[in-house]
Amino acid sequence: FPSGFTRFKQHTGRENRDIQRSFIAIISGHPKITQNMMKAFRGLLDYIYIAQYDSQSSETLALLRQSLRKFHRNKMYLTRAGVRKGTRTKGKYKIRKLEMFHHTPRIIKEIGSAPQFTTDYTEHFHIDYAKDIYKMTNRKEWEGQICRIA
């Protein structure tokens, strides 16, 4: 990210994962980030990475549960540091996506791996079947040209 990533207008799931990969390296060593806070962040990011595997096994689902437990064991250190200190949150972690994480291993076991829930595939199709083809048109009455090209 040569121009940084604080000014994204729009980004893809792939770019989101690239930011996630940098997150631990960026915050580690900061004087306000304790070892227990790092464990909470690491547990959450490990969960996200493991959930993105193309295929899952009973071992990876166990790792998924273990990483979520690591987050929950250490999230109080984030609250103590003021990370969850809004007037509405009062230090609580009632976040729908986070609550859904508890159900993910069961859902994966019942219906298969989680990549079916990602938008990466449709984003990629959008590039191949719309943006690249649009570049082949003369930019005038492009809808019909795209239909003929595709």
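The values are calculated or read from the model by the stated rules, or taken from the named source; none is laboratory data. What you see is a predicted model; the values in this text were computed from it and never measured. Here the Cβ positions follow ideal geometry from the backbone for every residue, glycine too, while neighbour counts run over all protein chains shown. All accessible areas refer to the heavy atoms of the entire protein, side chains included, with ligands and DNA or RNA removed. Shrake-Rupley method; radii C 1.70, N 1.55, O 1.52, S 1.80 Å.
For Leu61, the conditions (1) at pLDDT 85 or above; (2) open to solvent by 40 Å² or more (accessible area, probe 1.4 Å) are fulfilled apart from (2). Within this structure, Asp46 fails the test of being acidic (Asp, Glu), modelled with pLDDT under 80, under 18 Å from the mean Cα position of the chain (by Cα) and within 26 Å of Phe23 (Cα to Cα).
Just name the residue that is nearest to Arg69 (Cα to Cα) out of those in the range 29-39 that are open to solvent by 60 Å² or more (accessible area, probe 1.4 Å) and outside any helix (DSSP H, G or I).
Thr34
Taking every residue in the range 20-34 that is touching a residue at least 60 places away in the same chain (Cβ under 8 Å) and pairing it with any residue that is small (Gly, Ala, Ser), at least 6 positions away or on another chain, yields no pair with a Cβ-Cβ distance below 6 Å.
Output the residues belonging to the range 108-144 that are open to solvent by less than 70 Å² (accessible area, probe 1.4 Å), at pLDDT 75 or above and in a helix (DSSP H, G or I). Selection gives Ile108, Asp132, Ile133, Gly144. Every condition in (1) at pLDDT 75 or above; (2) in contact with a Ser or Thr (Cβ under 6 Å, 6 or more places away or on another chain) is met by Pro105 except one, and the failing one is (2).
For residues that are under 18 Å from the mean Cα position of the chain (by Cα) and over 21 Å from Glu99 (Cα atoms), scanning just the range 49-58, find the one that is most open to solvent (accessible area, probe 1.4 Å). Can you show your working first?
Quick first cut of the range 49-58, residues under 18 Å from the mean Cα position of the chain (by Cα) only: 49-56.
Narrowing the set further to residues that are over 21 Å from Glu99 (Cα atoms) leaves 54-55.
Working: Asp54: 117, Ser55: 84 Å².
Here the answer is Asp54.
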